[in-house]
1. Could you give the length gained on full extension between Asp117 and Ala266, defined as 0.36 nm per residue of separation minus the Cα-Cα distance, in nm?
2. Take the Cβ-Cβ distance between Glu217 and Asn241 as r, set R0 to 30 Å, and report the resulting FRET efficiency rounded to the nearest 0.05.
3. For Lys150 and Gln166 in one chain, what is 0.36 nm times their gap in residues minus the Cα-Cα distance, to one decimal in nm?
4. Assuming 0.36 nm per residue, please report the length gained on full extension of the stretch Asp253 to Asn180 beyond their Cα-Cα distance.
5. What FRET efficiency would be calculated for the residue pair Glu87, Ser62, taking the C-beta separation as r and a Förster radius of 41 Å, to the nearest 0.05?
Amino acid sequence: MKTTKLILISLTILLISALAACGPAETVSAPAEGGAPAAEAPADTPVPTEEPKSAGVVSEASGACDNPFYPLRSDTVWTYQIVQPGEDPQGSFTLQYSNISADTFDAQMSLRDAETDEIFQATSTWFCSGEGLLASDFATMNFAANIDVKVETLDYSGISLLPADQWEVGASWDTSYQVNVSFSVEGLEINSGSDVTLTNTISAIEPVSVTAGTYPEAYRVDTSGSMNLDMEGDMDFTMGNIPIEYTTLYVKDVGMVKHVTSGPDADGTYTELVSVE
C-alpha cells in the first residue's frame, strides 16, 4: 500500500507539471476512426537555421479579441517543440484557431507523442472583453500511456492575458479555476477536487532566440500559484497546496514563443516556437 501511495504522489506531481505547461484546454482525445483528420503535428524535430527569421502575424480578430500579443488567424498554424536538455525530443504540438469573432474564439492543440507518434487533440473556448482574454477551461493532454486523465472545469474567474494597451513591466493579473481531476492507475480510480490560483506578472522585456527566430523584445510573464489536491476514490489522502511556477515569453504580432517551467522541481524542460505558417 505504501508503494502504491508513493506512485500516486509521483503521478500527481507529473500531472501538475503537465497542467502548468499545457495551459487551458477543454477535452482531450485521440482522433476517432472515420472522424475528422487531426491537424498535422511535425513528425521530426526541426533544426534551427543559422539565421532564424522572425515572423509577423496580422490578426484577423476584431474587437476585444484583437490582441497582438496573442494574434489569431484561421489560416495559420503555430508549431512548437518540447525540449529537455540532454534528452531526445519530448514531443511537439501545433496551435490553430477557428470561430474567431470580436468576443470569442476556439483554440485547438494537436500534440504528437514522441515515443508512440500518436496524436492527441484538445480544444478550448476563449472569451474576450475589455478586461482581457480568458480561457474558460483548464486541462491537459494525456501525459502517460497508462493513465487516463480527465479534467473538468467547474468554475473560472480572472483573465488569462491582459489587453494589449496594458502590457508594461510590472503589470499583474490573476487567474483561478475550480476543477475536478480524475485518473486511474494500477486499477485504482482517483478523483480530486482542486482549486488552481495563479498570479501573472510582466517582469521584463528581453531578447530571446528560439528555433522560429530571434526576437529583440519579448515580454516575460512570470506565473506563480498553487493547486490543492484532495484525493478521493479507492485511496483517500490530501496533498495540500502544490506550488506552480513557470515563465512564458510573448512577442507582439507573433504570440507565445517560449514557455519554461521553473521552481525547485524544474528539470530544465521548455517549450519553444518552431514556426508560424
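Computed from the coordinates by the stated procedures, all read-outs in this text should not be read as laboratory data. Quantities reported herein were computed from a predicted structural model and do not represent experimental measurements. Note that each Cβ is placed from the backbone with ideal geometry, even for glycine, and that neighbours are counted across all protein chains shown.
1. Between Asp117 and Ala266, full extension yields an extra 51.1 nm.
2. Using R0 = 30 Å, I get an efficiency of 0.30.
3. Additional length available on full extension: 2.3 nm.
4. Computed gain between Asp253 and Asn180 is 22.8 nm.
5. After rounding to 0.05, the efficiency reads 0.45.
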